[in-house]
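Undergrad: Take this structure, written in structure tokens, and hold onto it; I'll ask about it next.
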Amino acid sequence: MLQDISPLNRIDVRFSTYIANRKADENGHMVNGVPDYSFDLDNELRQKLNNIPGFVSLSKKICATIAARQIQLVNQSGLAVGPNQFPEIYEMAVDCARKLGIGVPNVFVENNPVMNAYTIASDDVSPIIVLYSGIVERLTPGELKCVIAHECGHIHNQHAIYKVVIDEILNSGTGTLGTILSVANIALMQFWTRAGEITADRAALICADNVEDAENVNKKLLYGAMINTDYKVNVEALREQLEVTLNNPTKIYEVLSDHPNSIRRVLAEKEFEECEVFYKWRPELKRPGMTMRTKEATEIRCKKLVNILDNK
Ligand SMILES: [Zn+2]
């Protein structure tokens, strides 16, 4: 029987099971119902999305349909990771989930040369992380773990339902939701997705074996992850490169993007590496005399970094 050979049949994808598997120890890192490392702008903008009449309820309904279909399609086209299939990748997912206090997500590898990864989830199915072969092949194991941790960060912060629906709207340009939303609301969605990436990058730093691995993922998204190179990107030169963008009207094009440009992401990671919240997760990395800012001070600096129209 065809169903008997489906890896999905061996995986419990019920969201109720996923919730039951969440670790109780996450409470020490929750503040007002969200993880303590979450980027404040992520939560502020998501609240604005919640205030769009009907957005959340309609999104959940649409997401349930999209997610159920996407998961089946991934299961047809990709390879299900588990203890007996890419076990080293499975162990990375287990370690990230354990560290963040979430249930272990199901991971798939899909044949696609693009350096990308994404997460599918809804209220009804537990999250699935899809890694394109391009990112598996071209990153070191430590960097790949940070990609998985980044996706786990999206799961931990319950981004997935919003992201699935917003991706559908932004990629199709039309559809039920797209036709009833104003241009301002669509811009708000893109602003939120960019802020959400900063939160997820922080999860990567929290789970990383080496913090440089997390930074390297964003650096390699800039220069293409040339194989067999251990090139060290000059961060000060990156700051100068960003200054050129900030002083040029072409920065407006970033408003249309659902990800912050990778320079902003690297610099935002650097900010979080100087935030006291990071060291609540990684106390072993504390060093005497190091710069350590409050979360509030860090957020002011990070908001300037990601605010495309007003970052002076
Ligand atoms: Zn992301």
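Undergrad: List pairs: first in segment 170-192 and under 27 Å from Cys302 (Cβ atoms), second at pLDDT 75 or above and exposed (fewer than 10 other Cβ atoms within 10 Å of the Cβ), Cβ under 7 Å, 6+ apart or cross-chain?
TA: Every condition considered, no pair remains.
Undergrad: Within segment 104-131, how many residues turn out to be within 13 Å of the ligand (Cβ to nearest atom) and within 19 Å of Asp213 (Cβ to Cβ)?
TA: Summing the residues that are within 13 Å of the ligand (Cβ to nearest atom) and within 19 Å of Asp213 (Cβ to Cβ) in segment 104-131 gives 5.
Undergrad: I've got another one for you. Residue pairs, Cβ under 6 Å, 6 or more apart or interchain, first in segment 246-260 and on the phi > 0 side of the Ramachandran plot and part of a loop (DSSP other than H, G, I, E, B), second within 16 Å of the ligand (Cβ to nearest atom) and at pLDDT 75 or above. List them.
TA: Cβ pairs passing all conditions: none.
Undergrad: Check Asn307, Asn234, Asn248 and return the single one that is farther than 20 Å from Val211 by Cα, at pLDDT below 95 and either hydrophobic (A, V, I, L, M, F, W, C) or surrounded by fewer than 13 Cβ atoms within 10 Å (Cβ to Cβ) (or both). Step through it out loud before you land on a result.
TA: Details: Asn307 fails: either hydrophobic (A, V, I, L, M, F, W, C) or surrounded by fewer than 13 Cβ atoms within 10 Å (Cβ to Cβ) (or both); Asn234 fails: farther than 20 Å from Val211 by Cα.
On inspection, the qualifying residue turns out to be Asn248.
Undergrad: So for segment 228-238 (the condition being small (Gly, Ala, Ser) and out of contact with any helix residue (DSSP H, G or I) (no Cβ under 7 Å at 6 or more places or on another chain)), does at least one residue qualify?
TA: yes
Undergrad: Just the residues that are closer than 14 Å to Lys163 by Cα and not aromatic (Phe, Trp, Tyr), please, taken from segment 55-64.
TA: Scanning segment 55-64 gives Val56, Leu58, Ser59, Lys60, Lys61, Ile62, Cys63, Ala64.
Undergrad: Can Glu276 be described as free of Cβ contacts under 8 Å to residues at least 40 places away in the same chain and either in contact with a strand residue (DSSP E or B) (Cβ under 9 Å, 6 or more places away or on another chain) or of a type in the set (Phe, Trp, Tyr) (or both)?
TA: Yes: the conditions hold for Glu276.
Undergrad: Would you pick out the residues in segment 204-225 that are in a helix (DSSP H, G or I), out of contact with any Cys (no Cβ under 6 Å at 6 or more places or on another chain) and not polar (S, T, N, Q)? Let's see the steps before the verdict.
TA: So in segment 204-225, the residues in a helix (DSSP H, G or I) come out as 204-207, 211-223.
Cutting the leftovers down to out of contact with any Cys (no Cβ under 6 Å at 6 or more places or on another chain) gives us 205-206, 211-212, 215-216, 218-223.
Matches in segment 204-225: Leu205, Ile206, Val211, Glu212, Glu215, Lys219, Lys220, Leu221, Leu222, Tyr223.
Undergrad: I've got another one for you. From the set of residues in segment 132-150 that are small (Gly, Ala, Ser) and touching a residue at least 40 places away in the same chain (Cβ under 8 Å), which is surrounded by the most Cβ atoms within 10 Å (Cβ to Cβ)? Steps first, please.
TA: Taking segment 132-150 first, the residues small (Gly, Ala, Ser) are 133-134, 142, 149.
Among the residues that remain, those that are also touching a residue at least 40 places away in the same chain (Cβ under 8 Å) are: 142, 149.
Details: Gly142: 16, Ala149: 29.
So, considering only residues that are small (Gly, Ala, Ser) and touching a residue at least 40 places away in the same chain (Cβ under 8 Å), the one surrounded by the most Cβ atoms within 10 Å (Cβ to Cβ) is Ala149.
Undergrad: List pairs: first in segment 112-131 and within 17 Å of Gly82 (Cβ to Cβ), second among the basic types (Lys, Arg) and not in a loop (DSSP other than H, G, I, E, B), Cβ under 7 Å, 6+ apart or cross-chain?
TA: Pairs found: Ser126/Arg14.
Undergrad: In segment 88-103, is there at least one residue being crowded, with 19+ Cβ neighbours inside 10 Å, part of a strand (DSSP E or B) and on the phi < 0 side of the Ramachandran plot?
TA: Scanning segment 88-103 turns up no residue that is crowded, with 19+ Cβ neighbours inside 10 Å, part of a strand (DSSP E or B) and on the phi < 0 side of the Ramachandran plot.
Undergrad: For the structure I just gave you, tell me whether Leu58 is assigned to a helix (DSSP H, G or I) and at pLDDT below 85. Write out each step before concluding.
TA: Details: assigned to a helix (DSSP H, G or I): yes; at pLDDT below 85: yes.
Against the criterion (assigned to a helix (DSSP H, G or I) and at pLDDT below 85), Leu58 qualifies.
Undergrad: Does Ile155 qualify as being under 30 Å from Asn32 (Cβ atoms), more than 16 Å from the ligand (Cβ to nearest atom) and in contact with a Gly (Cβ under 9 Å, 6 or more places away or on another chain)?
TA: The answer is no for Ile155.
Undergrad: Which of the following residues is hydrophobic (A, V, I, L, M, F, W, C) and either assigned to a strand (DSSP E or B) or within 15 Å of the ligand (Cβ to nearest atom) (or both): Val147, Val136?
TA: Val147
The values are calculated or read from the model by the stated rules, or taken from the named source; none is laboratory data. Predicted, not measured: the structure shown is a model, and the values here were computed from it. Every residue, glycine among them, receives a Cβ derived from its backbone with ideal geometry; neighbour counts consider all protein chains shown.
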